[in-house]
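Working notes, beginning with the structure itself.
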Amino acid sequence: MAVEKAEATGADSVIGTDPDADRMGIAVRDNDGKMVLFNGNQTASMMTYYILSRWKELGKLKEGKYVVKTIVTTELIKEICDSFNVPVYNVLTGFKYIAEVVKRKEAEGCEFICGGEESYGFNIGEFVRDKDAQVSCMILAECAAWAADQGLTLYQLMQKIYKEYGFRKEGLVSVVRKGKTSAEEIQ
């Protein structure tokens, strides 16, 4: 319904959250003006790129700052972090593992910049210790304004990131195993 509304009104993008507002999704116009959905990896990569770019512009990328992602999330985030000389920690799937790193690194005097997972969860800063769609939506709106200041749409910003770090094609595979034999196979 939101994409239909965007088509009817000519909106550049649509940002939405799930019912408990811990995940967000985005649809943007491609170069032909068609609304397309970004996946969780694209959204997290673009937001990480934006935040690190802004922090660099503001002189905030200093020692002790870091990013966290889950092991199933795109390695594009690591490549982006590497280009900004920001450490990235890879954790098991689930935001509780990201929060564990934040807690441990906080005790060491380090600062969590942002982190996410391919399933559309993302967080910025240490105030909330879980995925947070409200803050993520605000940062994404900031990102859109920043891109517009450069004459780019969000779609074009993602293309710029791909040109700089390499194009990606991603997909999900679910494997279901049932019964005792399958449980033994999994072990």
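The values are calculated or read from the model by the stated rules, or taken from the named source; none is laboratory data. None of these values were measured; they are calculated from a predicted model. Every residue, glycine as well, gets a Cβ built from its backbone with ideal geometry; the counts of neighbours run over all protein chains shown. In case anyone asks, the SASA skips ligands and DNA or RNA and just uses the protein heavy atoms, side chains included. Shrake-Rupley method; radii C 1.70, N 1.55, O 1.52, S 1.80 Å.
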* Yes/no for V28 being buried (at least 17 other Cβ atoms within 10 Å of the Cβ), at pLDDT 95 or above and closer than 21 Å to G171 by Cα -> yes
* Structure fact -> The lone condition K105 fails out of (1) touching a helix residue (DSSP H, G or I) at 6+ places or on another chain (Cβ under 7 Å); (2) over 14 Å from F122 (Cβ atoms); (3) crowded, with 19+ Cβ neighbours inside 10 Å is (1)
* To do: For segment 53-68, indicate whether the set of residues that are of a type in the set (G, A, S), open to solvent by less than 40 Å² (accessible area, probe 1.4 Å), part of a helix (DSSP H, G or I) and at pLDDT 95 or above is non-empty.
  => yes
* Would you tally the residues in segment 1-25 being buried (at least 19 other Cβ atoms within 10 Å of the Cβ) and assigned to a loop (DSSP other than H, G, I, E, B)? => 1
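Please verify whether T48 is part of a helix (DSSP H, G or I), buried (at least 16 other Cβ atoms within 10 Å of the Cβ) and hydroxyl-bearing (S, T, Y), treating the condition exactly as stated.
So T48 passes the test.
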* Structure fact -> Only unsatisfied item for F122, checking (1) of a type outside the set (S, T, N, Q); (2) in contact with a strand residue (DSSP E or B) (Cβ under 9 Å, 6 or more places away or on another chain); (3) open to solvent by 40 Å² or more (accessible area, probe 1.4 Å), is (3)
* **Failed item in (1) open to solvent by 10 Å² or more (accessible area, probe 1.4 Å); (2) at pLDDT 95 or above; (3) farther than 25 Å from E7 by Cα, with I113 passing the rest** => (1)
* For V72, are the conditions met, namely being touching a residue at least 40 places away in the same chain (Cβ under 8 Å), in contact with an Asp or Glu (Cβ under 9 Å, 6 or more places away or on another chain) and either farther than 21 Å from C137 by Cα or open to solvent by 20 Å² or more (accessible area, probe 1.4 Å) (or both)? -> yes
* Where a residue in segment 100-118 is closer than 21 Å to N41 by Cα and its partner, wherever it lies, is among the small types (G, A, S) and in a loop (DSSP other than H, G, I, E, B), with Cβ under 9 Å and at least six apart -> F112/G125; I113/G125; C114/G125; E117/G94
